[in-house]
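Trainee: Sharing a structure below in structure tokens format, with a few things to ask.
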Amino acid sequence: MKNHLEKLIWAGILGLCCFQPVAAAEYKNTRALRQVTVAKAYFDVTSGSPGKLVNQLGFIDKAYDQLAKAGLKPQFVLGFHSAASAYVTKGSEDYVTSDEEIAAKKKVQAWVQRFKAKGIVMEQCMLAAEVYEIDPEDILPEIDRVKNGYVSTIGYQAKGYSLVPVN
């Protein structure tokens, strides 16, 4: 028994002596960003899934910050279409009904404020608003209204913006 206990103690000591904490890996996008000074992206925001939409807006914000930190000038446009349109309207319970949707809408409204403060352009497709029976006056004032989101998407791509689907 004593011999067994000694072996366990020595194994523990040996394990501690050999243990070296692993440093957190630092991942970079150096190759992709080489010789890039401006990052132009058009985010086609269509997701009507409350949790997914909120998470994706957070990822967009993180991408903006990472590009800026890397010394680039981010030029982002968010185009709201489809079911995402319900989340960029005034009020908390208009156009959404479940507790999860209402909570997500409040978070989306906060993201809209943050994006506006960063100078990010946001547009609401009025064709989608019509399909989803959204009154134009109910769209958040920080968001520009465009006649056709497809036309905006095409225009921004013609100007060199990368299309990033968010669905």
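The values are calculated or read from the model by the stated rules, or taken from the named source; none is laboratory data. The shown structure was predicted, so the numbers you read here are calculated from the model rather than taken from an experiment. No Cβ is skipped: glycine too gets one built from the backbone with ideal geometry, and neighbour counts run over all protein chains shown.
Trainee: Please count how many residues of region 133-167 are aliphatic (A, V, I, L, M), over 19 Å from the mean Cα position of the chain (by Cα) and in a loop (DSSP other than H, G, I, E, B).
Mentor: Step one: of region 133-167, the residues aliphatic (A, V, I, L, M) are 134, 139-140, 143, 146, 151, 154, 158, 163-164, 166.
Right, trim to over 19 Å from the mean Cα position of the chain (by Cα) and you get 134, 139, 146, 151, 154, 158.
Then drop every residue that is not in a loop (DSSP other than H, G, I, E, B), which leaves 134.
Total satisfying the criteria: 1.
Trainee: Go over the candidates ALA104, ALA63, ALA117 one by one and state the one that is in contact (Cβ under 8 Å) with a residue 24 or more places away in the chain and of a type in the set (A, V, I, L, M, F, W, C).
Mentor: ALA104
Trainee: Moving on to the next point. Name the residues in region 47-90 that are in contact with a Lys or Arg (Cβ under 7 Å, 6 or more places away or on another chain) and hydrophobic (A, V, I, L, M, F, W, C), would you? First the steps, then the outcome.
Mentor: To start, the set of residues in region 47-90 that are in contact with a Lys or Arg (Cβ under 7 Å, 6 or more places away or on another chain) comprises 54, 61, 64, 75, 87.
Of everything in region 47-90, just one residue is in contact with a Lys or Arg (Cβ under 7 Å, 6 or more places away or on another chain) and hydrophobic (A, V, I, L, M, F, W, C), namely VAL54.
Trainee: Out of the residues in region 113-132 that are under 21 Å from the mean Cα position of the chain (by Cα) and hydrophobic (A, V, I, L, M, F, W, C), state the one that is surrounded by the most Cβ atoms within 10 Å (Cβ to Cβ).
Mentor: CYS125
Trainee: Something else: Does ALA84 satisfy the criteria of being without any contact (Cβ under 8 Å) to a residue 24 or more places away in the chain, at negative phi and touching a strand residue (DSSP E or B) at 6+ places or on another chain (Cβ under 8 Å)?
Mentor: no
Trainee: Let me confirm something: among GLY58, GLY119, GLY51, which residue is on the phi > 0 side of the Ramachandran plot and either at pLDDT 95 or above or not aliphatic (A, V, I, L, M) (or both)?
Mentor: Working: GLY58 fails: on the phi > 0 side of the Ramachandran plot; GLY51 fails: on the phi > 0 side of the Ramachandran plot.
Only one candidate passes the filter, namely GLY119.
Trainee: Still on this model: Select, from TYR27, TYR42, TYR64, the only residue that is under 30 Å from LYS116 (Cα atoms), at pLDDT below 95 and of a type in the set (Phe, Trp, Tyr).
Mentor: TYR27
Trainee: Moving to a separate point now. Taking HIS4 and the conditions (1) over 15 Å from the mean Cα position of the chain (by Cα); (2) at pLDDT 90 or above, which numbered condition does it fall short on, given that it satisfies the others?
Mentor: (2)
Trainee: Give me the pairs: first residue in region 147-167 and of a type outside the set (A, V, I, L, M), second residue in a loop (DSSP other than H, G, I, E, B) and surrounded by 15 or more Cβ atoms within 10 Å (Cβ to Cβ), beta-carbon distance under 8 Å, and six or more apart or on different chains, which are they?
Mentor: Hits for this filter: GLY149/HIS81; PRO165/THR46; ASN167/THR46; ASN167/SER47.
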